[in-house]
1. What are the pairs with Cβ atoms under 8 angstrom where one residue, in region 121-136, is touching a residue at least 12 places away in the same chain (Cβ under 8 Å) and open to solvent by 50 Å² or more (accessible area, probe 1.4 Å) and the other, located anywhere, is acidic (D, E) and in a helix (DSSP H, G or I)? Sequence gap at least six, or different chains.
2. Looking at (1) modelled with pLDDT of 95 or more; (2) under 20 Å from S238 (Cα atoms), which one does G197 not meet, given that it meets all the others?
3. Could you give every pair whose Cβ atoms fall below 7 Å, whose first residue belongs to region 41-64 and is in contact (Cβ under 8 Å) with a residue 60 or more places away in the chain, and whose second residue is β-branched (V, I, T) and not in a helix (DSSP H, G or I), counting only separations of at least 6 or pairs across chains?
4. Among the candidates V93, V82, which residue alone is touching a residue at least 24 places away in the same chain (Cβ under 8 Å), touching a Gly at 6+ places or on another chain (Cβ under 6 Å) and among the β-branched types (V, I, T)?
5. Could you count how many residues in region 145-184 are within 17 Å of L206 (Cα to Cα) and either touching a Pro at 6+ places or on another chain (Cβ under 7 Å) or open to solvent by 70 Å² or more (accessible area, probe 1.4 Å) (or both)?
6. Restricting to region 185-234, and then to whatever is part of a strand (DSSP E or B) and closer than 11 Å to N167 by Cα, can you tell me which residue is least open to solvent (accessible area, probe 1.4 Å)?
7. Given the residues L130, L106, L154, which is the only one that is touching a Lys or Arg at 6+ places or on another chain (Cβ under 7 Å) and of a type in the set (A, V, I, L, M)?
8. How many of the residues making up region 64-77 are among the hydroxyl-bearing types (S, T, Y) and either over 10 Å from L45 (Cβ atoms) or crowded, with 17+ Cβ neighbours inside 10 Å (or both)?
Amino acid sequence: MKTKLVDAHLSRFAKLMTGLLCCFLLSFTPAMAQSIISPQERAALISLFNATGGSQWTSRMNWTTNAPENQWWGLTIEGGHVTAIVLQNNNLVGTIPPEIGNFPALRILDLSGNKLTGGIPSEIGGLTTLQQLLLQSNQLSGSIPLNLYNLTNLERLYISFNQLTGNISGDISKMKSLQKLNLSYNQLSGNLTFRIGRLGSSLTELNLSSNQFNSFIPDSIGNLVLLTDLYLDNNLFSGTIPNAIGNLLNLKTLNLANNNLRGIIPIE
């Protein structure tokens, strides 16, 4: 009788311990159980980490670990989506992967001050919520993807100090929210499209210095009435300085040095 009683107690004890063990193991579920973003966005972050030498980043706290993504270095997560990726001056080496386009709520992408090579992925043109695209001071090459001009919510576009070639498409006029455009210190050439004047309701800074633009300065430049800073120096601009520059009443800085301009400075 005593043996049966002991066996019953042991059976209940075994069941209790099994239950406790299950609870203990469940508290250590794999990384995906800790994720606070979609599997697609998490996979895109890991692709970015792998494509840019993440193991050698200066700061990489919690990247690809079990920690929730809002604890990963340089990320902002809101409403279950990545809204900012800020990894400037962080020793990123390699190329920007096409998966960078898989962040439907991204507002800020800052990869400036690194050693990134290759082209700007056209997939960035699908980030329709993007407000700031900061890729300056890298080693990016190739042309500016045409669908980049589809970013109608973009306010800042900085791609200076790279090795970009090609020209500026007339489609830039679609970027109606653009306030600051800095493409200086590249190898861009061709005409400065007259359509750039259609950004007059937003643009305050235009910096195209140290490129190879070889056209006339279009009269439409005078439509950019909010401009405070205009840098067209160190190019191959020819012809005369358009009188329309006199329309830029908010201008604080104007640099046209080291071009092929001729004629007199207009009284305007």
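The values are calculated or read from the model by the stated rules, or taken from the named source; none is laboratory data. Because the structure is a prediction, the values reported are computed rather than measured. Because the Cβ atoms are built from the backbone with ideal geometry, glycine has one as well, and the counts that use them run over all protein chains shown. What goes into the accessible areas is simple: the full protein's heavy atoms, side chains included, and nothing from ligands, DNA or RNA. Shrake-Rupley method; radii C 1.70, N 1.55, O 1.52, S 1.80 Å.
1. Correct list of pairs: E123/E99.
2. (1)
3. E41/V82; T52/V93
4. Criteria check complete, one pass: V93.
5. Qualifying residue count, region 145-184: 6.
6. F213
7. Among L130, L106, L154, only L130 is touching a Lys or Arg at 6+ places or on another chain (Cβ under 7 Å) and of a type in the set (A, V, I, L, M).
8. 2
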